[in-house]
Amino acid sequence: MTYFTEVSDYKTYANENADFHFSYNANSGGGQSFLGGMFADENGTITSPTILDGFVGVFKYVFKDPNGQERSIILDDVKGKYEIKPRGIGSTSMKLGVGTKLESPSKLISALFMLPPTCAIKNPNNLDVSILSSNNYWLQSMWLKCVIHNTSKQVELIPIDFVYCGGNSKERQGNDRFFELDAQKRLVDIISLSQNAERLPNDLSQCIDFFSKIYLGKTSFDYNTCIKTTNKIMVLLAKNYPDKYAGIEDPLPFLTSLTNSTNQDKQYKHSIVNNSIPDTFRPLLTAIRTKPFILLAGISGTGKSRIVRKLAQASVSEDLQKMYDPKSVECGFNRWQLHKPANFELIQVKPNWHNSLEVVGYKSNIGGAHYEFTPFVEFVARAWKHPETPFFLCLDEMNLAPVEQYFAEFLSAIESRSIENNEYETDPIIKPFESFDADNDTLSDRMIAHLLGKLDTQEKSNLADRFRTKGLTLPQNLIILGTVNMDETTFSFSRKVLDRAMSIVMDDVDYESYFNGSSENNVPEMDEGIKQLIINRHINGLEADGNDADTVKNYLTSINAILDKTPFKLGYRAANEALLYVSAAHSINSESSTKDALDEFTLMKILSRIEGDKRSIDNLLENLKDVINSTDYPKSYEVLDSMSKTLNSKQFVSYWTK
């Protein structure tokens, strides 16, 4: 399937429905777009484009949606507002100045249509790939209608057609060829694809939905986000379907073919899951995919902090390690011998942490205005710079101090996660950097320089803009794991903290594995599929594929009937995370059952919240056994039975000290 049809010459596309002609010159310095011909002004008088001198031109595309309703998309992005000036003295042709701050109309319009970024390459390095593989398209020509708004000095340029040019390399090899884009069909197909999103993996369906919302007028066109989203689609397809998608061609035909495959979902999951993952490691990986905040509890010396380091070792790349610690790879790259992988940070919690200054830092005026940064903040900023790699931060002995006090900003931000314009967003843990600026003092610039260094790439410049205007938010690839020793020397966790985390108890001690050395290898090396699996997490459980919603609803309803009128009753957050956990369990192991997943979830999120004396708990634990039975939920039943016996013998019980 292709959306391009070869034509003999783009100049033949003049017709009575168009006002004048657009052509793009990619070789004129910063780039210029030329408008030539005659068109009718607002009074219907045929006139020259010279009357547009001083106007600002924006492109607008008009099409019919799948229901036949006419819709329009205005590309009035800040990178697509073009000042119109005469091409030269006495010329009746006009030009759109592109310059350095704007993008060429070729890039702007190709971004709208979810076309590969290679569509902005007029003369590629080589012609090894067919022109219909998008290696060298260039929007060369459009016939346009024109709508003038005298009051705002703005003109809407409405394309009638789109003709792409290609076939000529930088060495002038090959011949120019011209292809007309069926834009109407392309937009309708993307909208239809979005309406069948349940047939696509969630991360891909979110990307398609982003474009569909633009076409249907639910969100505004944003050039940068469109480019990022198209890139994300192509990267995901290339990683997860390497045998079927080459990584450079138009992604839409392949996406359409996926929705037509009844076995698509199973194929996708098997392409990203490493079936060699040990069963002992699967619950941890499932919990991470559910939520990037994990509590690892248990007796001292069971390897809680070590496993966090092993996760980082399993996922760090040689290039990343070399960038931050070149000495560690001087004798070769051995991930398992790295003491400190570049995507790992260990922070030891101190008993005197009773506010968040030790975590998020603070502004100080001692010795001149500056910001006191912390290892936590610096590590979060590093994670932002490498979004394709999981970053693991270990808070060691997390409950030596009250978590609600020193970790307040994080606890708030972790619950604010959302997808906005296809971007992962949270509330900031440090407010917008520009808010720290004072008269004649741009502290924000120094803060950005400290965290990002020289802004020598577009990615760093984009991050600088984000930090300046949005503050330091949590990146999607950041995973926080806190180690916990529950004894008389530590603080107990409040339900506020437990509700925001996934809790895993690591009390098992396997001396047989330890003495034969196999316990050190319980974390497998992560391929790109697993990395993306734990980075690109669902946020809304109802939208997660494979969530078995009916089973989850019935189970939680039965649990809540027993927990009703107790402080342990489950809310909507628990329901959302149960759906996410079940979905994650299925995506990591297609043979996993929903009941097995709910068994693990019950330990992590339901029983972990229960503590009290005999008078306050009464028969609650025994009543829970009616739902959490030994047949369907053996792991939870065993713990529940142990808690019940402890309550009867000691008159008090807690999941953490059972």
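Points worth noting:
- Helical mean residue ellipticity (222 nm; -39500 (n - 2.57) per DSSP H run of 4+; nearest 500) of the chain: -10500 deg cm²/dmol
- Taking 23 Å as the straight-line reach from the Cα of Lys145, the lysines in range (excluding those fewer than 8 positions away in the same chain) are Lys11, Lys60, Lys64, Lys79, Lys81, Lys85, Lys95, Lys107, Lys153, Lys185.
- Segment 303-368 versus segment 202-261: alpha-carbon centroid distance in Å: 34
- Values of log10 I(q)/I(0) for the chain across q = 0.08 Å⁻¹ run -0.72, by the Debye formula with one identical scatterer at each alpha carbon and no solvent.
- Relative contact order (%) - criterion: Cα under 8 Å, at least six apart; region: the chain: 11
- For Lys625 and Ser590, the difference between the fully extended length at 0.36 nm per residue and the C-alpha to C-alpha distance is 9.8 nm.
- GluC sites (Glu not before Pro) within segment 610-643, DSSP loop, no more than 14 other Cβ atoms inside 10 Å: none
- The dipole here belongs to the chain: it is taken about the Cα centre, uses +1 on the Cβ of Lys and Arg and -1 on the Cβ of Asp and Glu, and is about 620 debye.
- Ordering of 457-470, 66-79 by packing is 457-470, 66-79, highest average first (other Cβ atoms within 10 Å, averaged per residue).
- DSSP beta bridge pairing in the chain, given as percent antiparallel to the nearest 5: 70
- If R0 is 41 Å, the Cβ-Cβ spacing of Asn196 and Asp465 corresponds to a FRET efficiency of close to 0.70.
- Cβ-Cβ FRET estimate between Asn421 and Ile366, R0 fixed at 51 Å, reported to 0.05: 0.80
- Projected label distance in nm at Ser494 and Asp279, using a 7 Å step from Cα toward the beta-carbon: 4.0
- Packing-based ranking, highest mean first, of 291-299, 374-382 given that Cβ atoms within 10 Å are counted: 291-299, 374-382
- Within straight-line cross-link reach of Lys322, lysines at Cα separation under 30 Å, skipping those fewer than 8 residues along the same chain: Lys228, Lys232, Lys239, Lys291, Lys304, Lys310, Lys340, Lys385, Lys454, Lys460, Lys531
Readers should treat all values here as calculations from the given coordinates under stated rules, not as data from a laboratory. Since we're looking at a predicted model, the values are computed, not measured. Glycine gets a Cβ as well: all are built from the backbone with ideal geometry, and neighbour counts include every protein chain shown.
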